[in-house]
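The values are calculated or read from the model by the stated rules, or taken from the named source; none is laboratory data. Because the structure is predicted, anything quoted here is derived from the model rather than measured. Quick reminder, even Gly has a Cβ in these numbers, built from the backbone with ideal geometry, and neighbours come from all protein chains shown. We work out accessible area using only protein heavy atoms, side chains counted, and drop any ligands, DNA or RNA first. Shrake-Rupley method; radii C 1.70, N 1.55, O 1.52, S 1.80 Å.
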Amino acid sequence: CGFCNHTVNWILLRDRSHRIQFAPLQGLTAEKFVPTDLRQNLSTLVFHTPKGDFTRTAAVCRILMTLGGIWWLLGALLWLIPFPLRDLGYRFIARIRYRLFGRHESCRIPTAEERSRFLN
C-alpha cells in the first residue's frame, strides 16, 4: 500500500547508518523470523530484533529509537504513551491508510545502493 511505500522511503532517507533492513511479510525472511499470525495481518508493522519482535506502535517506537538523534527522543516519548492508546491510533490509521496514501500495484524497486537492505 502507499503507506508502506511511504514508510520505507521515510526510513531509507533517515537511516544513514543502514541499521534497518526491510522484508515483505509474504517473503522467506519473514516466514523464518515472524510468527504466522503476524504475517497474515498485512497492516501490521513488525520490527524484528535479536531481543524479540515488536509490532504496531512498539515497532514504530523501536524504529525511531534505532534511527538515533532526535528520532530516538521522539520514539522514547511515544513509548511513554500507554500501549492501548498508542495502538488505538495505529489501528485507526491502518484502517484508513488507502484513503490517506492510496494503493500501489507494486512495491518500489530499490536502487542499486539500497538492494542490500531489502531481504526476500
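If you filter segment 63-80 down to residues that are β-branched (Val, Ile, Thr) and in contact (Cβ under 8 Å) with a residue 12 or more places away in the chain, you find that the one that is nearest to His48 (Cα to Cα) is Ile63.
Only one entry in Arg99, Arg86, Arg91 is within 20 Å of Phe3 (Cα to Cα) and in contact with a helix residue (DSSP H, G or I) (Cβ under 6 Å, 6 or more places away or on another chain), namely Arg86.
Select from segment 86-110 the residues that are in a loop (DSSP other than H, G, I, E, B) and charged (D, E, K, R) and write down the one among them that is farthest from Trp10 (Cα to Cα). Quick ask: steps written out before the conclusion?
We begin by selecting, within segment 86-110, every residue in a loop (DSSP other than H, G, I, E, B); these are 102-110.
Next, from what is left, pick out any that are charged (D, E, K, R): 103, 105, 108.
On the way: Arg103: 17, Glu105: 20, Arg108: 13 Å.
Checking each candidate, the answer is Glu105.
Note on segment 90-105: residues that are surrounded by fewer than 12 Cβ atoms within 10 Å (Cβ to Cβ) and either on the phi > 0 side of the Ramachandran plot or free of Cβ contacts under 8 Å to residues at least 60 places away in the same chain (or both) amount to 5. Only one entry of Thr36, Thr49 meets the criterion of being free of Cβ contacts under 8 Å to residues at least 40 places away in the same chain, open to solvent by less than 70 Å² (accessible area, probe 1.4 Å) and at negative phi, and that entry is Thr49.
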